[in-house]
Amino acid sequence: MRSLFRPAYIGLIALRFGLDGMLLHSLRRPRWSLLARILSTGRRLNAPRGERLRQALEHLGPIFVKFGQMLSTRRDLLPPDVADELAKLQDRVPPFPSDESARLVEKALGKPLSAVFKQFDTDPIASASIAQVHFAVLHDGREVAVKVLRPGMLNVIDDDLALMRTLAGWVERFWSDGKRLKPREVVAEFDKYLHDELDLVREAANAAQLRRNMDGLDLVLVPEMIWDYCTSTVMVMERMKGVPISQMSRLRAAGVDIKKLARDGVTIFFTQVFRDGFFHADMHPGNIQVSLDASTFGRYIALDFGIIGTLTEVDKDYLAQNFIAFFHRDYKRVAELHIESGWVPPSTRVDELEGAIRTVCEPYFDRPIKEISLGQVLMRLFQISRRFNVEIQPQLVLLQKTLLNVEGLGRELDPDLDLWSTAKPFLEKWMHEQVGLRGLWQRLKREAPRYAKMLPELPRLVHQNLEHGNADLRRDLAAMLAEQRHTNRLLSAIVWVGVGFVLGLLTAQLLLRLHGLGVL
């Protein structure tokens, strides 16, 4: 019943806020506009379209809110009025009641608020799709932020994911490109990360790992976790004081170098992806602040670590080689990498794929971000991928999402930022460290403890293996020897039969000759 009710509810919300009319009007065909006017008859849709879209997403729940958050960073794809409204989804989702929040904190910590906090602000400072945040002060005087999970989230998310799985099945079954796009695998990835986000202990662990990784970079601050008060539904962390990155006028008035901030953002992203393989995958403006404190002036402040992306060494190496090939405009190497990785069939002609990639990418080089539409590039690449049967890689979905966030943020900070020239030196240095002598030395140092443990045991292990051998190996050798002996006996019998036959023929010939000579 729930799987039937949810699609009906989504349809009702779409009708209530006039989303059907917005979709039909966007098709830019007279007959669709006429249909939109007919469907809107009798409905009061006085609110602006951006406000109606935001309210619809808020009513539909956290998955749809997160979709709206991502869209809000793409002002090159959205009208300004719609983008401004969707930006309110970053940290101004309607909060749940304060008394409910206090009750949840006490239940999770097993203590009354007064036993844990010297002061607890009942009014939330931020309210998002999954949780809301309250400021508080511990009895030792430390200022903290308390994150409380929204009640009833699991059921809502499971309903939406069930619907998405059904839609993914339809796409895979009825659309010609469905199997290549792997929609069910993509939904499975989304499922995993959403459920991870519902466990605040996991989020706290993500934050602790990111804090260690970023230590020494001096570009980004990550709050310290107060582990004594972290549970699956409540997380207590160091309070960070900064200005939201979306408040550009305040940052400029405080003297922050906005262009440097844009470059630092690119450096942070590529460091997390290619050096650590562990990156913040929810980098919308609501999760990023800038420090104005004298000791950390101009540094990023990262918040909300529920969605973290990871990459294997193979993924990092493949992506880095692709980026560097793009930066050098070596489209043949890009095509070869796609074939080597198995993303396209091995029968694909390299020269044809190379020409198609060149056609898409060449016009966008040496342009500032304000003149590049990643949406148009992705659309062209999608057309090429359909032609060459490129398979979508589900494990890179989060990275693709984060790239969109980074591009949107870069456009907001510095429209003249050249993303390619900013990233190219970093990636070239990273590749040199990976494949050069320095990379070899670093890998040897990493493996040294393992080798140091194995080397003293190596002579004994070799001696045991030579003396006793492996039981399976001995059994296989015995079977092979038995088969060889059987074969040898068979060959011997054949040889002796052949020899006997030849001797018989020779004897018969000899007797015939002797008879002919009259000897016999």
(message) What three numbers, in Å, describe the spread of the alpha carbons of region 77-150 along their principal axes, ordered from the longest?
(response) 50, 23, 15
(request) Using only the alpha carbons of region 215-257, determine the length spanned along each of the three principal axes and report them from longest to shortest in whole angstroms. (result) 39, 25, 12
(request) Mind checking the full-extension length gain between A14 and F327? Use 0.36 nm per residue of separation minus the Cα-Cα distance, one decimal, nm. (result) 108.3 nm
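Need one number: convex hull volume per residue for region 291-370, Cα atoms only, in Å³.
Per-residue hull volume (Cα only) is 172 Å³.
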(message) What percentages make up the Cα-Cα pair-distance distribution of region 134-248 when the bins are 10 Å wide from 0?
(response) 12, 28, 27, 20, 10, 2, 0
(request) Can you tell me the relative contact order of region 137-264? Whole percent, Cα pairs under 8 Å, sequence separation 6 or more. (result) 26 percent
(message) Using each residue's phi in region 428-433, evaluate 6.51 cos²θ - 1.76 cosθ + 1.60 at θ = phi - 60° and report the 3J(HN,Hα) Karplus result to the nearest Hz, with x for Gly and Pro.
(response) 5, 5, 4, 5, 4, 5
(request) Take the Cβ-Cβ distance between M248 and F67 as r, set R0 to 25 Å, and report the resulting FRET efficiency rounded to the nearest 0.05. (result) 0.50
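Every read-out reported here was derived from the displayed coordinates using simple, explicitly stated rules and does not represent laboratory data. Every value quoted in this text rests on a predicted model; they were computed, and no experiment measured them. Note that each Cβ is placed from the backbone with ideal geometry, even for glycine, and that neighbours are counted across all protein chains shown.
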